[in-house]
Amino acid sequence: MAPAATVRAEPGEDADMQFLVVRSGHPGCEPTCPEWISAEGKIVGGTPARFKKFLKSLGNRRLPIVVTSPGGDVDAALALGRMIRARKLEMAVGKTRFTGCQPQQKDCVLNNGKGARYIGTAYSGEAYCNSACPLMLAGGVRRVVGQWAYLGVHQITTTYVRTETQYRTQYRIVNGKKKITSKKVVSRKNVGGYKVYEMSRAIERQLAAYLAEMGVSRAVIDRMKVTPASDMSKIEPVAMLEMALTTQLGGVETLTSGEVCKTVPAAANCRVFIMSDLKR
């Protein structure tokens, strides 16, 4: 009976993270409007697999990610960050205010004829990226967090769970010795556990290597280590820039406003909506 460790940075009670493609609802942006990926919710063990499937559905498109998350599973956050960097995606801390069809609605037709299933506006107010979320954010090739958004870190919580497993084993005698022919799990149950509220040296090395890979200062780890798991240390915009958690000052509108489609060439997340799109 051996303890198994699950590394988590304690999240809030939000739902698991979901990913949606959103088209800007800014009046008059047609025929060329920006789009982005809305990523809101808790980071759990299955989030990277869900994100990988989502990215596959986008083909070669490179859309910025607008994220709000209380944090969650540290290993999953690292996996997300690496996928984001491999895809060369940009990131901003922000929320999406949806117009017409809402994410929780089924068979919604309110946005029919508008060229997109989800239409909305990205904004910084009340947006947050806490706990393990900044590790995901570090994966962006360009990273912005507005002054009205909140980015915070704290110590990592590691949960150790003791599991009792019973097996049914069959064997036969070969040359006077037992030889196992099959071994099947009969039952498995948790028989206790405990939590550690400080990162181990192994986890610290893992995080340091990841941040170096992403070009982010290990000062992020230093801030995590001096902040109890029960608390949250807000990192201010200038400090984020000094730590290279952000690549420039600015908010979510830097990546999602209609202005990004008026440059030459237009940003990669701009899409031209033609009449056939608007009639669907």
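Values in this text are rule-based calculations from the coordinates and carry no lab data. This structure is a prediction, so every number in the text was calculated from the model and none was measured. Cβ placement follows ideal geometry from the backbone for every residue including glycine, while neighbour counts extend to all protein chains displayed.
Things worth noting here:
- Footprinting exposure proxy for 200, 24, 257, 182 (fewest neighbouring C-beta atoms within 10 Å first): 182, 200, 257, 24
- Protection proxy ranking, highest mean first, for peptides 258-268, 109-119: 109-119, 258-268, where packing is the per-residue count of other beta-carbon atoms within 10 Å, averaged.
- With the cut-off at under 11 Å, measuring from each backbone N in segment 49-88 to a point 7 Å along the Cα-to-Cβ line of residue 236 picks out no residue.
- Principal semi-axes in Å for segment 10-89 [√(5λ), Cα gyration tensor, largest first]: 25, 15, 9
- Among 192, 176, 215, the largest mean-square fluctuation in a Gaussian network model of the chain (Cα springs under 10 Å) belongs to 176.
- Going from the residue with the fewest nearby Cβ atoms within 10 Å to the one with the most, 213, 40 rank 213, 40.
- Mean ellipticity per residue at 222 nm, deg cm²/dmol - from DSSP H runs of n ≥ 4 across the chain, formula -39500 (n - 2.57): -6500 deg cm²/dmol
- In segment 125-280, the ratio of gyration radius to Kirkwood radius, Rg to Rh, stands at 1.25 when only Cα atoms are counted.
- The calculated FRET efficiency for residue 107 paired with residue 57, based on their beta-carbon distance and R0 = 22 Å, is about 0.65.
- Convex hull (Cα only) mean projected area of the chain, reported in nm² to one decimal: 20.0 nm²
- Rg/Rg_ref, segment 32-167, where Rg_ref = 2.2 N^0.38 Å and atoms are Cα: 1.18
- Cβ crowding within 10 Å ranks 148, 36 as 148, 36, fewest other Cβ atoms first.
- Of the residues 200, 100, 211, the one whose Cα sits farthest toward the positive end of the charge dipole of the chain, with +1 on the Cβ of Lys and Arg and -1 on the Cβ of Asp and Glu, is 200.
- Additional length obtainable on full extension of the chain from residue 164 to residue 208, 0.36 nm per residue less Cα span: 12.4 nm
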